[in-house]
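Enquirer: Would you mind keeping the following structure in view while I ask a few things?
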Amino acid sequence: MSKLRVDKLRARMDELGLDAFMVSTPENRRYLSGFTGSNGILFITARDAALVTDFRYIEQSAQQAPDFRVVRMQPRVPWIVELMKVSGAKKVAYEAENVTVAQFNRWRDALKEAELESQLTWTPTADEVDKLRAVKEPEELLLIERACDISDMAFEMVTATIEPGETEESIAWRLEKTMREAGAEALAFDTIVASGPNAALPHHRAGPRQVREREPIVIDFGARYQGYNADMTRTICLGAPDDQFRTIYDIVLGAQLTVAETVREGMTGGDADKIARDIIEKSGHGDQFGHSLGHGIGLAVHEFPRVGPNAQDKLTEGMPFTNEPGIYIPGWGGVRIEDTVVMERGRIRALSKAHKYDTVK
């Protein structure tokens, strides 16, 4: 599988006129090679694929990345010099958003000392491998769907037992515990449990506040399964919701369901965002929907395609992304409803299946 992915990158390198591509972003490194260690750089040319890592990961690299030649980092030995000499590369790309200035300067200093740096043209890149990851293979989609299933199950189990007086922190911990016991290897991200006025903060951290009846409780969380992530948000209310909750909830749910029913393959992320945004703006709450409709998801929680205002990324077959409109009212709270979805057979299929409106207790 990794060889096919590397070949796609090589085809892109040909288009850009590159001799070598240095991949350092952890998700991209894993996608291309299978290597899951914390330290490593892929050095890919038309004829060679090397994985440079330190002593801790030599055996692991050989097991996880059999299509790659493993190169060990040695203390005080400039591995980059040897790779440049062997490859003869002149135009070399690197992931500018991941490589630090200090790291880049170390590479250049080593090559200058070897009298090679003047022969090179460095090409900073952004998103080249990320874009290759946007369309998922069937095996990847199965892992994302499993992560969603674990998240659904945890939500149903935990929310059925929430009582007034329980803290946001306690709810977040019970969700994590339940997901891990069901097979999650980790959280996709820190769980958000935002109750009452805290629900007006889209990325509130779960804290010691006790949840109360008749107030919004936004729960945003997801499981990670074999490297792939789920992302789901539900908004619940303990006891009978008041009129404001019902009104705001219905607007957000209507926007979310309309996106699910009307978005089609070939539309852009901006088109999808506009569908939800128009509904919320017509309700008079446009200024209170301040984030994008969604984002791609996979090995990273946020990846391609972009799904927000004016996004030009086209939504095509095999792309998973999120559908998560929201309204946030300072002093009162907020409502967000989110599914992880995939473009399949020309339209959206929801991978998140946990109950929505009838989770209001």
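Enquirer: Among 60-69, 328-337, how do they line up by average Cβ neighbours within 10 Å per residue, starting with the highest?
Expert: 328-337, 60-69
Enquirer: Please compute one quarter of the surface area of the Cα convex hull for region 1-57 and express it in square nanometres.
Expert: Answer in nm², one decimal: 3.7.
Enquirer: Taking the Kirkwood radius as the inverse of the mean 1/r across Cα pairs, report the Rg/Rh of region 255-298.
Expert: 0.97
Enquirer: State the Cα centre-to-centre distance between region 249-310 and region 1-70 in whole Å.
Expert: 34 Å
Enquirer: Oh, and also: Could you pull out the trypsin sites (Lys or Arg not before Pro) across region 72-179 that fall in loop regions by DSSP (anything but H, G, I, E, B) with no more than 16 other Cβ atoms inside 10 Å?
Expert: When the trypsin sites (Lys or Arg not before Pro) of region 72-179 are filtered for loop state and at most 16 Cβ neighbours within 10 Å, 76, 90 remain.
Enquirer: Can you tell me the 0 to 90 degree angle between the C-alpha axis of helix 243-262 and the longest principal axis of the chain, rounded to 10?
Expert: 50 degrees
Enquirer: Among 280, 80, 327, whose mean-square fluctuation peaks in a Gaussian network model of the chain (Cα, cutoff 10 Å)?
Expert: Most flexible of the set in this elastic network: 80.
Enquirer: Sticking with this structure for a sec: Can you sort 140, 97 by how many other beta carbons sit within 10 Å, fewest first? Kindly include the intermediate steps, with their values, before the conclusion.
Expert: On the way: 140 20, 97 12.
Fewest-to-most ranking of 140, 97: 97, 140.
Enquirer: Can I ask one more? Return the sequence-ordered ³J(HN,Hα) values of region 60-65 in whole Hz as given by the Karplus equation 6.51 cos²θ - 1.76 cosθ + 1.60 applied to θ = phi - 60°, using x for Gly and Pro.
Expert: Using θ = phi - 60°, the values come out as 4, 4, 4, 6, 8, 10 Hz.
Enquirer: To the nearest 0.05, what FRET efficiency results for residue 47 and residue 182 with a Förster distance of 56 Å applied to their C-beta separation?
Expert: On the way: r = 44 Å, r/R0 = 0.79.
Here the calculated transfer efficiency is 0.80.
Enquirer: What is the magnitude of the charge dipole of region 123-210 about its Cα centre, with +1 placed on the Cβ of each Lys and Arg, -1 on the Cβ of each Asp and Glu, and no other charges, expressed in debye to the nearest 20?
Expert: Computed about the Cα centre, the dipole is about 260 debye.
Enquirer: Further question: Find the relative contact order for region 2-133 and round it to a whole percent, using C-alpha pairs within less than 8 Å whose residues are 6+ positions apart.
Expert: Computed value for region 2-133: 25 percent relative contact order.
Enquirer: If contacts are Cα pairs under 8 angstrom and at least 6 residues apart, what is the relative contact order of the chain in percent? Walk me through the numbers on the way to the answer.
Expert: Numbers: 763 pairs, mean separation 51.5, N = 361.
Relative contact order here is 14 percent.
Enquirer: Sticking with this one: I need 130, 273 ordered by Cβ neighbour count within 10 Å, fewest first.
Expert: Exposure proxy ranking, most exposed first: 130, 273.
Enquirer: Mind ranking 195-206, 28-39 by how tightly packed they are, going by the mean number of other C-beta atoms within 10 angstrom, highest first? Please list the in-between numbers first.
Expert: Numbers: 195-206: 18.9, 28-39: 20.4.
In descending order of packing, they fall as 28-39, 195-206.
Enquirer: Net charge near residue 220: determine it from the other residues with C-beta under 10 Å of the C-beta of residue 220, scoring Lys and Arg +1 and Asp and Glu -1.
Expert: -2
Enquirer: Sticking with this structure for a sec: On full extension of the chain, what length is gained from residue 329 through residue 156, given 0.36 nm per residue of separation minus the C-alpha to C-alpha distance?
Expert: Roughly 59.6 nm would be gained on extension.
Enquirer: Going out from 0 in 10 Å bins, what whole percent of all Cα-Cα distances in region 2-133 drops into each bin?
Expert: Percent of Cα pairs in each bin: 12, 47, 36, 4.
Enquirer: Suppose every K and R has +1 on its Cβ and every D and E has -1 on its Cβ; what is the size of the dipole of region 3-129 about the Cα centre, in Debye to the nearest 20? Show your work: numbers first, answer last.
Expert: On the way: 18 positive and 18 negative charges, 52 e Å.
So the magnitude is around 240 debye.
Enquirer: May I pose another question? To the nearest 500 deg cm²/dmol, what mean residue ellipticity at 222 nm is calculated for the chain from DSSP H runs of n ≥ 4 alone, each contributing -39,500 (n - 2.57), summed and divided by the residues? Please report the intermediate quantities before stating the final value.
Expert: Numbers: 10 runs with 128 residues, N = 361.
Helix contribution divided over all residues of the chain: -11000 deg cm²/dmol.
Enquirer: For Cα Rg over 2.2 N^0.38 Å, the choices are (i) 1.07; (ii) 0.95; (iii) 1.12; which was calculated from the structure?
Expert: Recomputing Cα Rg over 2.2 N^0.38 Å here gives the entry labelled (iii).
Enquirer: Next question, about the same structure. For region 63-156, what size does the Cα cloud have along each of its three principal axes, sorted from largest down, in whole Å?
Expert: Here the Cα extents, ordered largest to smallest, are 62, 29, 23 Å.
Enquirer: Share of Cα-Cα pairs in region 194-353 beyond 18 Å, in percent?
Expert: 56 percent
Enquirer: Report, in cubic angstrom per residue, the convex hull volume of the C-alpha atoms of region 286-354.
Expert: For region 286-354, the hull spanned by Cα atoms encloses 101 Å³ per residue.
Quick note: the coordinates plus some simple rules give every number you see, no bench work behind them. Here the structure is a predicted model, which is why all the values come from computation and not from measurement. Cβ: placed from backbone, ideal geometry, glycine included. Neighbour counts: every protein chain shown.
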